[in-house]
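What follows is a set of notes on a single structure, which appears directly below.
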Amino acid sequence: MMKILAADTSTAVNTVAVCDGEHILAETSVACGRAHSERLLATVDWVLGQAGLDLKGLDALAISIGPGSFTGLRIGAATWKGLALGAGLPLVAVPTLDAMTRLGAFRDSLVCPLLDAKMGEVFGAVYRFVQGRRTRMTPDQVCAVEDLIGGIEDDILLLGDGAVRYRERIETSVPWADFVDELCSMPRASAVAMEGLMLLEHGTCTDPARVAPVYLRKAQAEENRARANATKAQQL
């Protein structure tokens, strides 16, 4: 058994869990908007207390690294790196969409986790499950949902807040698409812990200094600045 403290701050949901192998010792999920910085360490203390542990009783940390909210990902990565370095613990960087495929017992279908990327786009990827074994079919992408799943002819299950927000567009593009219940597709830190455990078993890098968020695109402020600079250049 390996005790792992995990978190996912890639969305407006703040979720932290302590797991012992595949057993959840304590977990909490709270819709906190942009208040991750105010809630995260207090949530860690509460979860560890509920599990009867402290940082010295852990074997590893796991953090969701994106794609997702720029601010949330930065806060999560920085906090977990600080905890790992301070306690001398290995830190596993867990791709957010990979972790989301552990939110259900998927066996024989295509599965597509989607996060709302704003501006009419999603963060997403497509996976194939055969007898419960997962194969990634696409890289992580930020794009219109139609560009991600358009042309798919197989049965496909979609989950995440992107699937909820763009359901009508998805059903227009792929009418036979099915949707995981919204309550069962919210990010959970225990899913990050399970994915992290698998990565540890496969010898992934655990150096906290090498953990960095995966954004896929520039922050909105950077996008606006680039457009403004381009406009100025055209006017010269």
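Since every read-out is calculated from the coordinates, none of them should be taken as a lab result. Since this is a predicted model, take the numbers as computed values, not measurements. Note: ideal-geometry Cβ built from the backbone for every residue, glycine included; neighbour counts use all protein chains shown.
Please rank His36, His23, His202, fewest neighbouring Cβ atoms within 10 Å first, as an exposure proxy.
On the way: His36 24, His23 10, His202 7.
Final ranking by Cβ density, sparse to dense: His202, His23, His36.
Once the piece of chain linking Cys143 and Ala209 is laid out straight, how much longer is it, given 0.36 nm per residue of separation minus the C-alpha distance between them? Display every interim value, and only then the final one.
Values: separation 66, 0.36 × 66 = 23.76 nm, distance 2.99 nm.
Extra length available between Cys143 and Ala209 comes to 20.8 nm.
Going by average Cβ neighbours within 10 Å, how do the peptides 85-91, 179-185, 131-137, 73-79 rank, with the highest at the top?
73-79, 85-91, 179-185, 131-137
Mind giving me the nanometre distance, one decimal, between the label points for Asp108 and Arg34, set 7 Å out from Cα along Cα→Cβ?
With each label point 7 Å from Cα toward Cβ, the separation is 4.7 nm.
Based on the Cβ-Cβ distance from Thr135 to Asp155, what FRET efficiency comes out when R0 is 22 Å, to the nearest 0.05?
Calculated transfer efficiency: 0.90.
How high is the relative contact order of the range 1-79, given as a whole-number percent (alpha carbon pairs under 8 Å, six or more residues apart)?
Computed value for the range 1-79: 39 percent relative contact order.
Rounded to two decimals, what is Rg over Rh for the chain when you use alpha-carbon atoms and the Kirkwood radius?
On the way: Rg = 18.4 Å, Rh = 18.4 Å.
Reported Rg/Rh (Cα atoms, Kirkwood Rh): 1.00.
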